[in-house]
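First the structure, in the form of structure tokens, and then the observations on it.
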Amino acid sequence: MEGSALKKLLKNFSCPKNPDVEAFIRYKAIGFAKKKTAVTYLVLGTDGSSSDEPSSKAASPLILGYFTLANKSLAKPETAPDAETEEILSRFARTPVEGGSTKVMASLLIAQFAKNDALSDDVKAEFKGSELMNFALGQVRHLHNEMGGSTVFLECEDIEALKKFYGEQGFFLIGKRKTKDVTSLLQYMKVLQ
């Protein structure tokens, strides 16, 4: 897809519940990818319509949802949900400073994650958040197979629907992080095997 066509496609993404997610895909995703600080993956569908011209049989592409992955470091969670998870986390955690007590581990971060609210109600009902998460976790597994690793984490606002959704997807709460504007984001982690 050409740069101008891609930018046009990205501008059709809507997420009024989270303007930061909408602004990221529209204005920042390409720049982050060029700098190799984060890569955004689009899950595409079609609008089902085709052009009136007989030579064009392709339907217009739509972004059903997207997710952005980045490689980040974070402090190893103090507690894990079970002994097996603790063993896996300990395998990847290191103390970066001699004599220090904080263990740090590299992990993949799902930095952005959203469905497109600009879709028709039928398409939104058919394309579930769990399906988007399956795409994201599939890509995480692929990257882990290529370069090693076993964990993925994400951050979200303290909203019941989000906490419930991520819990249902197998993520467990590992802590909070204060942002520049002094709000806190919840951090959730998942161990993939």
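Observations
- Using the rule -39500 (n - 2.57) for each DSSP H run of four or more residues, divided by the residues of the chain, the 222 nm mean residue ellipticity is -9500 deg cm²/dmol.
- Relative to the dominant Cα principal axis of the chain, helix 129-147 is inclined by about 60°.
- Degrees, to the nearest 10: 83-92 long Cα axis against longest axis of the chain: 90
- Segment 106-161, accessible surface, carbon-and-sulfur percent (1.4 angstrom probe): 46
- Relative contact order computed over segment 85-182 (Cα-Cα under 8 Å; 6+ residues apart), in percent: 27
- Sorted largest first, the spans of the alpha carbon positions of segment 104-193 along the three principal axes are 44, 37, 21 Å.
- With all protein chains kept in place, the per residue accessible area of the chain amounts to 62 square angstrom at a probe of 1.4 angstrom.
The values are calculated or read from the model by the stated rules, or taken from the named source; none is laboratory data. Source: prediction; values computed, not measured. For accessibility, only protein heavy atoms count, side chains too; no ligands or nucleic acids. Shrake-Rupley method; radii C 1.70, N 1.55, O 1.52, S 1.80 Å.
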